[in-house]
Amino acid sequence: MSAHVPASTSLEAVPQLDLTAQYAAIGAEIRAAIERVMASQQFVLGREGAALEQEIAELCGVSHGVGVASGTDALILALRACGVKAGDEVLLPPFTFVATGSAVSALGAKPVFADIRPDTYNLDPAECARRVTPRTRAIVVVHLYGLPAEMDPILAFAKEHKLPVIEDNAQAIGARYKGRPTGSMGDVGCVSFYPTKNLGAYGDAGMVVSNSAGLAERLRTLRNHGQTGKYLSSEPGWNSRLDEMQAAILRVKLRHLSNWQRARQSNAAEYTRLLNPFPGVMTPHTPEGLEHVFHQYTIRVEKRDALQKFLAERHIGSAVYYPHPLHLQPIYAELGHKRGDFPHAERAAQEVLSLPMYPELRKEQIARVAECLQEFISK
Ligand SMILES: Cc1ncc(COP(=O)(O)O)c(C=O)c1O
């Protein structure tokens, strides 16, 4: 087995994520963009935001983008624009970041969980059919770790039940499902520009993308106090606007996104090449026809916690996304779920480990991670 792992050149630390490497490469461009906003003295709902909305809509293959303050706000506003109200049920996977569920709860609606597929960690379309009720009003699909969910059967199911589909595209901007960009297949797509995301701002920011002019118009109203005219509000909204500074920074970073995406994919291929022969290590599975953008490179091992400790002792960063499935978290205690309700989500929460992954990660660093993994396995 050792033949597969080239010796790394040093025993250097490998962080799970290193944003400083990216800033070192693009800092001058970023500072020029910030200076442009400073010179304009226009900070909210200006030219940069409008341009970014067009550029992100184009990337996602849709007609409209509506900039908002975060990915969480994108989900809340999207659900609301799709008609979800207090008391409604919304289908979603339990294996995701809490924001996917808390966006539903923020509207007074009830999250109804449907288990994931064990090979992709994404929503299992067959599980949706088991959990749908006459009170179901929407489905939220998450493209976890940067891998598109199984959209065709989910869209067919949604059509049959006349349910809007909201794509939580926080982790998968740039990914494709059978050639179609994530975010373009449902009624709306929700993007997060949280700093650690594949396209990250220098603070919080998000966007909703859609092909529906009607939904986009409603979202523009909702993000700005429900105003349909100057100081004239037609419904309760709030302040969730994307600021110009973040938009200008994101426009710079967007120009690099496809190169960064290729670098992530090449890093993932290198990991898989090195780790695939290791017994007991499951590397990410990308079904035929799908393009994974590797927001995370997530393996699965039975002794996950021991492995994470072993790596940390050797200064190798790693992270668990996510250790607690939503149905077992205190926030949803009142739903009365118990261990065993969603076995695939529960097992994933115990076994997944995300290894260092960012575009600037070097081959020697990947080799170092693989070397440590091999050492752990042969212990
Ligand atoms: C799957 C998922 N959904 C929603 C969010 C919320 O996005 P934000 O942090 O921008 O509010 C995130 C990221 O944090 C996420 O990973």
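The values are calculated or read from the model by the stated rules, or taken from the named source; none is laboratory data. Since this is a predicted model, take the numbers as computed values, not measurements. Cβ coordinates were reconstructed from backbone atoms using ideal geometry, including for glycine residues, and neighbour counts include every protein chain displayed. Note: areas computed on protein heavy atoms with side chains; ligands, DNA, RNA excluded. Shrake-Rupley method; radii C 1.70, N 1.55, O 1.52, S 1.80 Å.
Filter the stretch 48-79 down to residues that are surrounded by 20 or more Cβ atoms within 10 Å (Cβ to Cβ) and of a type in the set (D, E, K, R) and give me whichever is farthest from the ligand (Cβ to nearest atom). Only one residue fits best here, namely E48.
If you filter the stretch 198-252 down to residues that are among the hydroxyl-bearing types (S, T, Y) and in contact with a His (Cβ under 8 Å, 6 or more places away or on another chain), you find that the one that is modelled with the lowest pLDDT is S233. A single member of I299, I316 is in contact with a Ser or Thr (Cβ under 8 Å, 6 or more places away or on another chain) and either modelled with pLDDT of 95 or more or crowded, with 22+ Cβ neighbours inside 10 Å (or both), and it is I299. In the stretch 80-113, the residue that is farthest from the ligand (Cβ to nearest atom) out of those that are farther than 12 Å from V142 by Cα, part of a loop (DSSP other than H, G, I, E, B) and open to solvent by less than 20 Å² (accessible area, probe 1.4 Å) is D88. Confirm whether L275 is within 25 Å of E150 (Cβ to Cβ) and open to solvent by less than 30 Å² (accessible area, probe 1.4 Å). So L275 fits the description; yes.
Residue pairs whose Cβ atoms lie under 6 Å apart, separated by 6 or more positions or on different chains, with the first residue in the stretch 142-161 and β-branched (V, I, T) and the second assigned to a helix (DSSP H, G or I), are V142/T100; I154/P125. What single numbered condition from (1) within 16 Å of the ligand (Cβ to nearest atom); (2) without any contact (Cβ under 8 Å) to a residue 60 or more places away in the chain; (3) over 17 Å from the mean Cα position of the chain (by Cα) fails to hold for Q41? Going through (1) within 16 Å of the ligand (Cβ to nearest atom); (2) without any contact (Cβ under 8 Å) to a residue 60 or more places away in the chain; (3) over 17 Å from the mean Cα position of the chain (by Cα) one by one, Q41 breaks only (1). Mind counting the residues in the stretch 172-198 that are away from the ligand (no atom under 16 Å from the Cβ) and small (G, A, S)? Within the stretch 172-198, residues that are away from the ligand (no atom under 16 Å from the Cβ) and small (G, A, S) number 2. Take the conditions (1) farther than 30 Å from L373 by Cα; (2) open to solvent by less than 50 Å² (accessible area, probe 1.4 Å); D243 misses just one of them, which is (2).
Among the conditions (1) within 19 Å of I377 (Cβ to Cβ); (2) over 21 Å from the mean Cα position of the chain (by Cα), the only one that K338 does not satisfy is (1).
If you go through the stretch 155-171 and keep only what is more than 16 Å from the ligand (Cβ to nearest atom) and among the aliphatic types (A, V, I, L, M), you end up with L155, A156, A158, L163. Got at least one residue in the stretch 278-290 being buried (at least 21 other Cβ atoms within 10 Å of the Cβ), of a type outside the set (F, W, Y), more than 25 Å from T100 (Cα to Cα) and touching a strand residue (DSSP E or B) at 6+ places or on another chain (Cβ under 9 Å)? No: zero hits. For the stretch 199-214, residues that are open to solvent by 10 Å² or more (accessible area, probe 1.4 Å) and more than 7 Å from the ligand (Cβ to nearest atom) total 6.
Reported count of residues in the stretch 160-186, each being within 15 Å of the chain's Cα centre (by Cα) and not in a strand (DSSP E or B), is 10.
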